[in-house]
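The values are calculated or read from the model by the stated rules, or taken from the named source; none is laboratory data. Remember, it's a predicted structure, so these values are computed and weren't measured experimentally. Here the Cβ positions follow ideal geometry from the backbone for every residue, glycine too, while neighbour counts run over all protein chains shown. Side chains included, ligands, DNA and RNA excluded: accessible areas come from the protein's heavy atoms. Shrake-Rupley method; radii C 1.70, N 1.55, O 1.52, S 1.80 Å.
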Amino acid sequence: MAARSVWVLGPRLGALLRVQRSPLGRCPRMMCTAAQQPDKPSAEEEKNKSPAEESAELLAAEKAKLEDQIKEITDKYKRALADTENLRLRSQKLVEDAKLYGIQGFCKDLLEVADILEKATQSVPKEEIKPDNPHLKNLYEGLIMTEGQMHKVFKKHGVRKLDPLGAKFDPYEHEALFHTPMEGKEPDTVALVTKVGYKLHERTLRPALVGVVKGT
């Protein structure tokens, strides 16, 4: 009876031993882990890639390289356009300034002539300008006409006279020679003009020489 039992269990026992000896039989967890790991291409599979797959990979790499080059060239092109536009604007501004202020030196030289004409007309006594004194009358009228014509030329070319009596002191247009207290006048206003100034468009050719009211 014992011998028959051994004969019946023998095949089953052998199968059980084979399962236990196998790696999967020893650790069922290893079976799960192995099943979860994705298949990775082996070195042999990498070597055995088809020519079409290799060509596709080369084309993809070349495409990415060309896209980077296009992006870099586009950025350089945009920067070059911006630099060119800035240079054009600066050049245009220089040309405009040259047109406006190219006569600045010439105008400065004429200011002294205008000062002399103004002093000459102011020095003539008004009571002496009579019909019975035609020489002085004609001379005075000639000086007045010359001074008026000069100021017309100044105005034509953008030269403007600065006579800031009573105006607020502006350090960009006025030069303070002295400060003096004065009743009835606001502080930092021009109380006296000793020499008029001139501007060429928005640029001061010569500041007016003034006396300024001193604050209390």
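Annotations for the structure displayed:
- Residue in segment 190-199 that is open to solvent by 80 Å² or more (accessible area, probe 1.4 Å) and outside any strand (DSSP E or B) present: no
- Residues considered: Leu110, Leu117, Leu136, Leu100. Of these, the only one that is assigned to a helix (DSSP H, G or I), open to solvent by less than 50 Å² (accessible area, probe 1.4 Å), farther than 24 Å from Leu192 by Cβ and touching a residue at least 24 places away in the same chain (Cβ under 8 Å) is Leu110.
- One residue alone among Leu117, Leu111, Leu143 is closer than 30 Å to Leu200 by Cβ and in contact with a Lys or Arg (Cβ under 7 Å, 6 or more places away or on another chain), and that residue is Leu111.
- Answer residue from segment 168-181, given it is without any contact (Cβ under 8 Å) to a residue 24 or more places away in the chain and among the charged types (D, E, K, R) and is least open to solvent (accessible area, probe 1.4 Å) among those: Asp170
- Neighbours by Cβ (under 8 Å, 6+ apart or cross-chain): first from segment 182-211, closer than 23 Å to Ile116 by Cβ; second of a type in the set (S, T, N, Q) and outside any strand (DSSP E or B): Leu200/Gln104; Leu205/Gln104
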